[in-house]
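These notes are about the structure you will find just below.
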Amino acid sequence: MNIHEFQAKSLLRQFGVAVPQGEVANTPQAAAAVAEALARGGASGFVVKAQIHAGGRGKGGGVKLASSAAEVPRIAAEILGMTLVTPQTGPGGRLVRRVLVEAATPIDRELYLALTLDRGSEGFAIIASTEGGMDIEEVAARTPQAIHTQLVDPNLGLRPYQSRKLARALQLGAEQSQQFAALLGGLYRLFVERDASLIEINPLVLSGNGANAALLALDAKLGFDDNALFRQPQIAALRDAEEEDPRERRARESGLAYVGLDGNVGCMVNGAGLAMATLDMITACGGSPANFLDAGGTADRERVKQAFKLILQDEQVRAILINIFGGIVRCDLIAEGVTAAAAELGVGVPLVVRLQGAEARRGREILDRAGLPGLRSAETLRQAAELAVAAARGS
Ligand code: GDP
Ligand code: MN
């Protein structure tokens, strides 16, 4: 689960990480009030930032500077209600419902700092670079030597020498290295105590010169482990369902593991590994999957129906491939679920069903007997994928 920048910064504050002063606003009037309060506190410049769950806002016109508090409501009015398109939103963009109004920070250097999980080492990775502010993916591709990584063993925790190594890689002076150690310690505690999966500070800025320079998190992207939200009520409460893919939101509500993709072959599979193999097979057969959907081990009639509904809500879907291995579930029960759901919902696109495992033969008999138009059964995964890809092409 992702959260907004203003929520992320409030969490950072709780963990002692320095962030610019500011407040969220959902009208130009509220934005003006925030700017006036910041001006009374001594701010002379301001920044107005679109709050959406996607990065690259600066490039899309979603981050604007204002040189006086009087300008802030006009800029906020421009950004609020706009459909912001960035390299991360897709062509449809995202509607901006809120802006974060902050006191502008004078920037001397823009750095990059991130904490994430590193499955390979069964630990955490801290990634830092002097090349902050821009696309870190591009930096990694063009100048990989500018990316510095420290792996942290969760049993040992973050060690002081690791902080010092990263501070040196970031070319920080003695005073800033101490600030950096405190800041990184706060981020590390936040990561562990709140079950985060990603903390990305881009840019982490150095503001001011010499020993007086301060390190601040100017931007913050935080992601959390969905499977830990049950024990993180404070984090779970930050969910903004309006920012989520509506297909994935419905899937979550009905307890199905679903990820929306861009293709046209809808997939219903039991088991995540089999679902991944199915996506690969569709691609290998020249097709393109519309979704990942793991209907789980207990794919009864009701779940099959929910799964159908989800797949069909995607208007791109031209054919559906159902791939079930009967291990925990029996294929004849699945077949009953499929025929009942298809009859009730009127599927309307070609359906290819591949059943293997427990009671597969009986399952296929049930499908054949149902005489549903557009339904074909297949024995192997390759056959099934070929049929579904051809059906999606309309041949
Ligand atoms: P993103 O484009 O979605 O990653 O949004 P950011 O929060 O990273 O802002 C984009 C860019 O706007 C930053 O890299 C900065 O260069 C600039 N920016 C944001 N806030 C300030 C600020 O307070 N002062 C100055 N000078 N620039 C800012
Ligand atoms: Mn950024």
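Each value in this text was obtained by applying a stated rule to the coordinates, not by laboratory testing. Owing to the predicted nature of the structure, the values given are computational and were not obtained by experimental measurement. Note that we place each Cβ from the backbone using ideal geometry, even for glycine, and neighbour counts take in every protein chain shown.
The table below gives the values:
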{"item": "Stretchable slack from Arg119 to Ile107, in nm (0.36 nm times residue separation minus alpha-carbon distance)", "result": "0.9 nm"}
{"item": "Full-extension gain in nm, Gln29 to Asp225, via 0.36 nm per residue minus C-alpha separation", "result": "67.0 nm"}
{"item": "Extension gain (nm, one decimal) between Asp262 and Met276, 0.36 nm per residue minus Cα-Cα", "result": "3.5 nm"}
{"item": "Qualifying GluC sites (Glu not before Pro) for the range 322-395 [loop in DSSP, other Cβ within 10 Å: at most 13]", "result": "Glu379"}
{"item": "Values of log10 I(q)/I(0), in the order q = 0.21 Å⁻¹, for the range 21-104 under a Debye, Cα-only, solvent-free model", "result": "-0.83"}
{"item": "Bins of 5 Å, starting at 0 and running to the largest distance - Cα pair percent for the range 278-371", "result": "3, 13, 25, 26, 20, 12, 1"}
{"item": "Cα-based reach from Lys64 at 28 Å (exclusive), listing lysines while leaving out same-chain residues under 8 positions away", "result": "Lys9, Lys49, Lys221"}
{"item": "Two-site FRET efficiency, Arg97 against Glu248, from Cβ-Cβ distance with R₀ of 30 Å, rounded to 0.05", "result": "0.95"}
{"item": "Förster-model FRET efficiency, 45 Å R0, Gln316 and Arg168, C-beta, rounded to 0.05", "result": "0.35"}
{"item": "Which of Tyr258, Tyr188 has the fewest Cβ neighbours within 10 Å, and the rest in rising order", "result": "Tyr188, Tyr258"}
{"item": "MRE, 222 nm, helices only [DSSP H, n ≥ 4, -39500 (n - 2.57), over the chain, to nearest 500]", "result": "-11000 deg cm²/dmol"}
{"item": "Dimensionless Rg over Rh [the chain; C-alpha; Kirkwood]", "result": "1.07"}
{"item": "Inter-label distance for Asn155 and Thr380, nm, one decimal - labels placed 7 Å from Cα along Cα-to-Cβ", "result": "4.6 nm"}
